[in-house]
Amino acid sequence: MCCFSGTRTVEEVNNTRIFARLGEDGSQSLIYAMSMSAREEVAMVLPIPVKAGTAESEVRFFDFSAYADVFADLNRCFPEVTYRSRPEGAAPTTRSQAPLKVVTVGAFDASFVPTIADFNRLDERFRLPEGVWAKLPGYASFGFAVFKLRKGRHDVHPMAFSFPTARAGSVFFPTLHIHDGEVHDQEDFDHTLFLQGRNLRMSSDWDESPRLAMPQVKCHMTHGMIDPSMHVHRRKIRGKFSNGDIVVKRKFFL
């Protein structure tokens, strides 16, 4: 799932779907969707392994409001198989204190937070509780994609963005859970992950589509994020597992 601002704001999150692909230019693409219920406006925070010094303008957000069923089309690439699997589980620099740039993408307002210290440039309602990231030292060098979501129960249309990745030898899925302001060792997973890429070290619980992404996926509507000439891989994760992100590494990387 993901990390949310507030401590008791989010009532339910399920049916999380994430697509990821490495680009040839040293970037990674992510498309993210879910169903959720919240008592009030809330921010979803996705930690991402950006290159050091990544500027706000280098993280690009894309509007998928016209292609809300992209994940239904990705599922059409596969015969129906169910998997249960286990997730695998730098000091801030001086910066301007100007408010972070806000981009409207479909139904969301989105921002890129370059470092943990930059969260003080966000509206206070959309920050994670003080001390959360101190409990997770592995994220000290990360940036964060933040999406502001409305209150109530609804399906969230896909949120999509690309970023210069600090991990060009692996594909990163942001699956760390923080829903109540606390970091728990285990969490409930309800995820379907989709992946495109070559020469990747995928475990046996990844399923490969028998055909290319086209014609099942309307790749011309994905802002170049889904490659029509590649197969799609899918992994389903259901149940309680170790809380953390999922990484798929390349077989060969110099």
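The values are calculated or read from the model by the stated rules, or taken from the named source; none is laboratory data. Just so we're clear, the structure is a prediction, and the values are computed from it rather than from any experiment. Every residue, glycine as well, gets a Cβ built from its backbone with ideal geometry; the counts of neighbours run over all protein chains shown.
Look through Phe194, Phe144 and report the one residue that is within 14 Å of Leu46 (Cα to Cα) and of a type outside the set (Ser, Thr, Tyr).
One residue alone meets the criteria, Phe144.
In segment 221-240, what residues are over 16 Å from Asn199 (Cα atoms), out of contact with any Ser or Thr (no Cβ under 6 Å at 6 or more places or on another chain) and surrounded by fewer than 19 Cβ atoms within 10 Å (Cβ to Cβ)?
Met221, His223, Gly224, Pro228, Arg238, Gly239, Lys240
What pairs come up if the first residue lies in segment 202-218 and is surrounded by 18 or more Cβ atoms within 10 Å (Cβ to Cβ), the second is part of a loop (DSSP other than H, G, I, E, B) and acidic (Asp, Glu), and their beta carbons are under 7 Å apart, counting only those six or more places apart or on different chains?
Ala213/Asp227
What residue, of Gly181, Gly106, Gly131, Gly138, is small (Gly, Ala, Ser), in contact with a helix residue (DSSP H, G or I) (Cβ under 6 Å, 6 or more places away or on another chain) and at pLDDT below 90?
Gly106
Among the residues of segment 150-178, what is the count of those that are surrounded by 17 or more Cβ atoms within 10 Å (Cβ to Cβ) and either of a type outside the set (A, V, I, L, M, F, W, C) or at pLDDT below 80 (or both)?
Selection size over segment 150-178: 12.
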